[in-house]
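Worksheet: one structure, shown below.
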Amino acid sequence: MITLPLTAREMEVAREVAAGKTDRQIAACLGITWITARNHLASIRAKLGLSNRTQVAIQYHRLECLNRMAPTIGLTPNEAKERERLRGR
């Protein structure tokens, strides 16, 4: 699995940002204050060298895409199809 240099909580915040939620919505979802959500977002941006929440969302979606593809990297197309079939997709 490919990961980012973020804490588990920062990954949760990044996931909610990628879902389009505001700081206040993130706070309500995660049981934290909106100021804490804002601070986590600032930390995420600083660690990843990003300047806004849209870039955070893009990076999160890229990571998710890579993690979905990772199990099939290096397989032939037929092997990848078979693995997906066995996983129930």
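Readers should treat all values here as calculations from the given coordinates under stated rules, not as data from a laboratory. If you're wondering where the values come from, they're calculated on a predicted model, not measured in any experiment. Cβ: placed from backbone, ideal geometry, glycine included. Neighbour counts: every protein chain shown.
Counting every other Cβ atom within 10 Å of each residue's Cβ, LYS21, LYS81 order from fewest to most as LYS81, LYS21. Work out the P(r) tail for the stretch 8-86: percent of alpha carbon pairs separated by more than 22 Å, whole number. In whole percent, the share of Cα-Cα pairs in the stretch 8-86 beyond 22 Å is 37.
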